[in-house]
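Q: One structure follows; several queries about it will come next.
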Amino acid sequence: MGVVLIAGGASGIGRAALDAFRQQGDTVLLADRDEAGARAAVAADLPGPAEAIVCDLANPDDCDRIVAACVERFGRLDTVFANAGVLLSAPLAEFTAQMWDLSVAVNLRAPFLLARAAAPHLARSDNGSIILTSSTGGLRGHAGMPAYHATKAGLLGLCRSLADELAPHGTRVNCLLPGWIDTPFNAPFWDHQSDPKDAEDRLLATIPMRRQGLPEDVAGAVLFLASPASRYVTGTSLVVDGGYSAV
Ligand SMILES: NC(=O)c1ccc[n+]([C@@H]2O[C@H](COP(=O)([O-])OP(=O)(O)OC[C@H]3O[C@@H](n4cnc5c(N)ncnc54)[C@H](O)[C@@H]3O)[C@@H](O)[C@H]2O)c1
């Protein structure tokens, strides 16, 4: 059984991964800025132990602190799931430098800092792995979200660089690319639709499986990328989108 650090998992995809890791007996440190949500998440009655730690991943010191806390508390580290993200949207003329900087800090800098801090510990594992949550938004772009698409595409490059540097140390690095997953993350998008039902119908028509994903639909891919079953998989992307990006 491994020790897993989930950065961003009080809700949504991270929360589903938390439960899935614990279900198979792994130990998890859940780091999130949502203190109440994180404490409630780790309180679920599941086989693997779990603890919560409050952090703001936009703060570089917090990235180092949660890695150190995980190793101090559990004595080792096998998997880092860098999953937190922010989606800020505005017309180009109104998209501020602050919005850009926050997006880069959480979506791109935090995964880099987590990887840098975790690398020496992962090298001591016989199954060291880093999973970066990108998005199908890293493969395409939509108006009004320049920083989201830029950072999610940036993770693909970060993944390749880290995979090359850490492979000699036995650590694998891969990107997870969810498509449309039904979580609170997309609430700002739906709130801005004049007719949300019509907007959802139009979205579903573009997804071959004709539904949004559930967080639980993504958790299996996270388990795979963290497990020895993917022992020869590094520097690549796993798309989990019901076929959305295939057509
Ligand atoms: N939901 C989707 O459709 C979708 C699609 C593609 C990619 N993603 C990506 O999946 C990841 C998780 O998204 P989700 O849909 O599960 O969203 P979510 O809002 O349900 O969960 C995100 C979690 O990250 C935490 N978080 C955010 N900023 C943080 C910060 N600065 N410090 C600490 N914790 C922070 C939140 O508190 C929350 O618990 C994100 O990186 C997102 O970009 C989501």
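The values are calculated or read from the model by the stated rules, or taken from the named source; none is laboratory data. Since this is a predicted model, take the numbers as computed values, not measurements. Because the Cβ atoms are built from the backbone with ideal geometry, glycine has one as well, and the counts that use them run over all protein chains shown.
Q: Any idea which residue in segment 26-57 is farthest from the ligand (Cβ to nearest atom), counting only those that are in contact with a Leu (Cβ under 7 Å, 6 or more places away or on another chain) and of a type in the set (Val, Ile, Thr)?
A: Going through segment 26-57, the residues in contact with a Leu (Cβ under 7 Å, 6 or more places away or on another chain) turn out to be 28-31, 38, 41-42, 50-53.
In the following step, the residues that additionally are of a type in the set (Val, Ile, Thr) were identified as 28, 42, 53.
On the way: 28: 14, 42: 12, 53: 10 Å.
My answer is 28.
Q: Which residues, counting only those in segment 189-203, are in contact (Cβ under 8 Å) with a residue 40 or more places away in the chain and farther than 18 Å from residue 143 by Cα?
A: Answer for segment 189-203, where residues must be in contact (Cβ under 8 Å) with a residue 40 or more places away in the chain and farther than 18 Å from residue 143 by Cα: there is none.
To keep it simple, each residue is scored yes or no on (1) surrounded by fewer than 19 Cβ atoms within 10 Å (Cβ to Cβ); (2) outside any loop (DSSP other than H, G, I, E, B).
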residue	(1), (2)
66	no, yes
69	yes, yes
72	yes, yes
77	no, no
89	yes, no
93	yes, yes
99	yes, yes
104	yes, yes
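Q: Name the residues in segment 157-183 that are outside any loop (DSSP other than H, G, I, E, B) and surrounded by fewer than 19 Cβ atoms within 10 Å (Cβ to Cβ), would you? Reasoning before the result, please.
A: Step one: list which residues in segment 157-183 are outside any loop (DSSP other than H, G, I, E, B), which gives 157-169, 172-178, 181.
Across segment 157-183, the qualifying residues are 157, 160, 161, 164, 165, 167, 168, 169.
Q: Any residue in segment 95-110 that's more than 17 Å from residue 83 (Cβ to Cβ): show its pairings with residues that are at pLDDT 95 or above and part of a helix (DSSP H, G or I) at Cβ separation under 6 Å, as long as the two are six or more apart or on different chains.
A: 100/147
Q: Another one. Report the residue count in segment 62-77 for those that are among the charged types (D, E, K, R) and within 19 Å of the chain's Cα centre (by Cα). Let's see the steps before the verdict.
A: Our first condition is that a residue be among the charged types (D, E, K, R); within segment 62-77, this holds for 62, 64-65, 72-73, 76.
After this cut, where a residue has to be within 19 Å of the chain's Cα centre (by Cα) as well, the list is 62, 64-65.
Number satisfying all stated conditions: 3.
Q: Related question: Filter segment 106-124 for residues that are assigned to a helix (DSSP H, G or I) and either out of contact with any strand residue (DSSP E or B) (no Cβ under 8 Å at 6 or more places or on another chain) or of a type in the set (S, T, N, Q) (or both) and give the result.
A: Of everything in segment 106-124, those that are assigned to a helix (DSSP H, G or I) and either out of contact with any strand residue (DSSP E or B) (no Cβ under 8 Å at 6 or more places or on another chain) or of a type in the set (S, T, N, Q) (or both) turn out to be 106, 107, 108, 109, 112, 113, 116, 117, 119, 120, 121.
Q: Given the conditions (1) more than 16 Å from the ligand (Cβ to nearest atom); (2) assigned to a helix (DSSP H, G or I), and given that residue 186 satisfies all but one, which numbered condition is not satisfied?
A: With (1) more than 16 Å from the ligand (Cβ to nearest atom); (2) assigned to a helix (DSSP H, G or I) applied to residue 186, the lone miss is (1).
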